[in-house]
Amino acid sequence: MSSLDSVFERVLKKVDENRDQIIELASQLVQIPSVTGQERDAQEFVKEKLAEMGLKVETFEPNLSELRGHPSFFETTSYKKFGYNNRPNVIGIWEEGGDGRTLILNGHIDVVPPGPEEEWRYDPWGGEISNGRIYGRGSGDMKAGIAAMIYAVRAVRELEIPINGRVLVESTIEEEDGGIGGALATLLKGYTGDFSINPEPSGLDFWIASAGVLYFKIRVKGRPAHAKEAHRGVNAIDKIWLIYNALKELNEERQKRIKFPLAEECEPYMKGHVTILNIGVISGGDWPSTVPAWAEINCRIGWPPGESVSDVERQILDKVREVSERDPWLKENPPEYSIIGWRAEPSMIDTSDPFVLKLSDLAFRVTGKRPRFCGGTAGLDTRFFINDFNIPSVGFGPIAHNIHGINESVELDSIVQVTKVIALAIVELLAG
Ligand SMILES: [Zn+2]
C-alpha cells in the first residue's frame, strides 16, 4: 500500500465514523426553510457550523453596483422582490499557505417552494429520515450536498492531514433564480480558485455541462372597443395567438435539429427534447366587455451547449418578425420582445481535463462505478466558474428523487459516498 493509499483508507474510515452526523446535518439543514430570497436563517446555521470546525468564516451581502455591468449579469426576480439585504453568502476558508492550489466547494442554500403541501406524505420542512432517505424540500437539491462538503473538509481536518493550498467551502444564495447574487457575486468578490466541485444532486454522475437559459416576454397591443361593436377593435388575444403558434413551430424545428448525446444518454427521456421552449404564462385583456388592448406571453427557452444566447434570441426575433409580416395589424404594430429574468450562456468543461479525470478515478474508487458525463439541460451555477472564470467545475452529488417536486428525497448512502469522494479529492488535489 502506498502512503497515499493509507491516507485514503484513514479518510474513508473517518467519514464512515461520521456517518450519523453527516445525515443529521443534512436533515437539520432541511428543517430550516430557505426558499430563494429568504436564505438568512439557514446561512446563519451554516456559518456556525463552519466556525465550529475552526475555519475562518467570511460573509457578505451582494452589492448590485458591483454586479451590474458584468456580461453575465441580470436582475433576478428575487432581487426585485427582496433586494439583497439579509441574504448573505457564506465562505469558510481553510488556508494552509504554501504554493498549493485552491479547491472550491460550492453549494446553493436556497430551495424552491414546496408546492401544494397537502400532497406531501412528509413534512416538506421536516427532514424526516425513513427508508434509507431524507425527505423534504431541498433534501436533494442541495442540502445533502452541502452537508457532504462540510463533512469532507471536517474529516480531513480531524485527521490532521496536511494540505498545501486552500479549500473554500461556500454556501451561496439564489441559484434557483440565476445565481447572480450568489455564485457570481462570490467569484467577483475574489473567491476564485483552480477547480471546483459543486455537489448538486447528480446521482453520482458528473454534470459537466450547464444549459443556456433565457426568459423572455412578447407583448402585443390591440385596439380596444366595446364588445357590442367588437368588429371595430382589434383583439390582442387573437394576435398573441399567432405568436404562440409561431413559437410552438420554432420549438419543433429546433427539437428536430438540435441533438446533445451527453444528455440523451444519461436521461433517455430527453431524446428529441434537449431544447425546450416553454410558454409558461399567457395573459391579456382587462374586462369581458372590452376588446383586449394588450396580451402577452412569458416563456423560458433552455438549450444545450452549442448556441449562444444571441444565436437563440435571433431565431426568436426572426420567427416573430416572419409571422408579423403576414399580419397587417402586427406589421403596423410590431410585437415587443423583452428579457424578464434568466439570461445564461451554456457552458461545458473539457472532459479530458486532468482534474476531471482524477475526480472520476476517486469516484470510481468509492462507488465502484465510473461516473457518466451528463448535463446540459438545466442552468447551473457551474457556468460562472467555467465561462466567466475559466475554473473547471464539476457537478457531483448524491442520488436524489423528485427534486423541485412532491416528496423530494435523497439517498443516505449516496450522501456518505459523496462526502468520501470530496474528502479524497481534498487530499489528492492539495497533497501537502
Ligand atoms: Zn440545485
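The table below lists the values:
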read-out: Cα gyration tensor shape for region 253-385, rounded if a/c is under 1.5, else prolate or oblate; value: prolate
read-out: Accessible area of the chain belonging to carbon and sulfur atoms, whole % at 1.4 Å probe; value: 48
read-out: Cβ-based charge dipole, the chain, positive-most Cα from A431, V366, N235; value: N235
read-out: The chain, helix-only ellipticity at 222 nm - DSSP H runs n ≥ 4, -39,500 (n - 2.57), divided by all residues, nearest 500; value: -11000 deg cm²/dmol
read-out: Gyration tensor (alpha-carbon) shape descriptor, region 363-432, a/c threshold 1.5; value: oblate
read-out: Solvent-accessible area per residue, Å², over region 332-432 with all protein chains present [probe radius 1.4 Å]; value: 37
read-out: Pairwise Cα inverse-distance average, inverted: Kirkwood Rh of region 188-313 (Å); value: 17.7
read-out: Volume in Å³ per residue [convex hull over Cα atoms, computed for the chain]; value: 149
read-out: Kirkwood Rh and Cα Rg combined as Rg over Rh, evaluated for region 124-266; value: 1.17
read-out: Candidates G69, G54, G126, ranked by Gaussian network fluctuation over the chain, Cα under 10 Å, top entry; value: G69
read-out: Label-point separation in nm, Q21 to S352, each point 7 Å along Cα→Cβ; value: 4.3
read-out: Choice from E158, E307, E39 showing the highest fluctuation, given a GNM over the chain with Cα pairs closer than 10 Å; value: E158
read-out: Fully extended contour minus Cα-Cα distance, from N164 to E325, at 0.36 nm per residue; value: 51.6 nm
read-out: Options V220, N106, A152, ranked by Cα towards positive dipole end of region 101-230, top entry (Cβ charges); value: V220
read-out: Charge dipole magnitude, Cβ of K and R +1, D and E -1 - region 212-344, Cα centre, debye nearest 20; value: 240
read-out: Farthest toward positive dipole pole in region 212-344 [+1 Lys/Arg, -1 Asp/Glu at C-beta], among V274, W294, A263; value: W294
read-out: Relative contact order (%) - criterion: Cα under 8 Å, at least six apart; region: region 212-344; value: 42
read-out: Selected from N235, N131, N245 as most flexible by GNM, with the chain as the system and alpha-carbon contacts under 10 Å; value: N131
read-out: For the chain, size of Cβ-based charge dipole, Lys and Arg +1, Asp and Glu -1, in debye; value: 980
read-out: 1.4 Å probe accessible area per residue over region 37-108, in Å²; value: 48
read-out: Antiparallel content of DSSP bridges confined to the chain, in %, to 5; value: 75
read-out: Taking all pairs of distinct alpha-carbon atoms in region 1-103, Kirkwood radius in angstrom; value: 17.0
read-out: R0 of 51 Å, Cβ-Cβ distance E117-R232: FRET efficiency to nearest 0.05; value: 0.55
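The values are calculated or read from the model by the stated rules, or taken from the named source; none is laboratory data. Quick caveat: nothing in here was measured; it's all calculated off a predicted structure. Cβ atoms come from the backbone with ideal geometry, glycine included; neighbour counts cover every protein chain shown. Please note that ligands, DNA and RNA were not included when accessible areas were found on the heavy atoms of the full protein model with its side chains. Shrake-Rupley method; radii C 1.70, N 1.55, O 1.52, S 1.80 Å.
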